[in-house]
1. For region 22-52, name all the residues that are more than 26 Å from Met3 (Cβ to Cβ) and among the small types (Gly, Ala, Ser).
2. What are the pairs with Cβ atoms under 8 angstrom where one residue, in region 25-45, is without any contact (Cβ under 8 Å) to a residue 60 or more places away in the chain and the other, located anywhere, is surrounded by 10 or more Cβ atoms within 10 Å (Cβ to Cβ) and among the polar types (S, T, N, Q)? Sequence gap at least six, or different chains.
3. Please specify each residue of region 1-41 satisfying the condition of being among the acidic types (Asp, Glu), under 15 Å from the mean Cα position of the chain (by Cα) and more than 19 Å from Ala52 (Cβ to Cβ).
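Every read-out reported here was derived from the displayed coordinates using simple, explicitly stated rules and does not represent laboratory data. Keep in mind that this is a model prediction, so the values were computed, not measured. When we count neighbours, we look across all protein chains shown, and the Cβ atoms used for this are built from the backbone with ideal geometry, even at glycine.
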Amino acid sequence: DGMKQVVAAGKDASAIKAQAREENMPNFKDEGLRLVAEGVTSLEELQRAFRA
């Protein structure tokens, strides 16, 4: 539970990002593109979400 420990310790965003990379967690952009490819959402909706 590395991510739980990093968050519980109050680490900064860069430490959380590093832990996410270490655990091969998908980022929001990659996950959004996967959802577009699966037809769950549209590219336009994904673009709106990232502009907000």
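1. Here is the first cut: in region 22-52, the ones more than 26 Å from Met3 (Cβ to Cβ) are 39, 42-45, 47-48, 51.
Matches in region 22-52: Gly39, Ser42.
2. Between residues of region 25-45 that are without any contact (Cβ under 8 Å) to a residue 60 or more places away in the chain and residues that are surrounded by 10 or more Cβ atoms within 10 Å (Cβ to Cβ) and among the polar types (S, T, N, Q), the close pairs are Gly32/Thr41; Leu35/Thr41; Val36/Ser42.
3. Start the filter on region 1-41 by keeping residues that are among the acidic types (Asp, Glu), which leaves 1, 12, 22-23, 30-31, 38.
Narrowing the set further to residues that are under 15 Å from the mean Cα position of the chain (by Cα) leaves 22-23, 30-31.
Listed by number, the residues that qualify are Glu22, Glu23.
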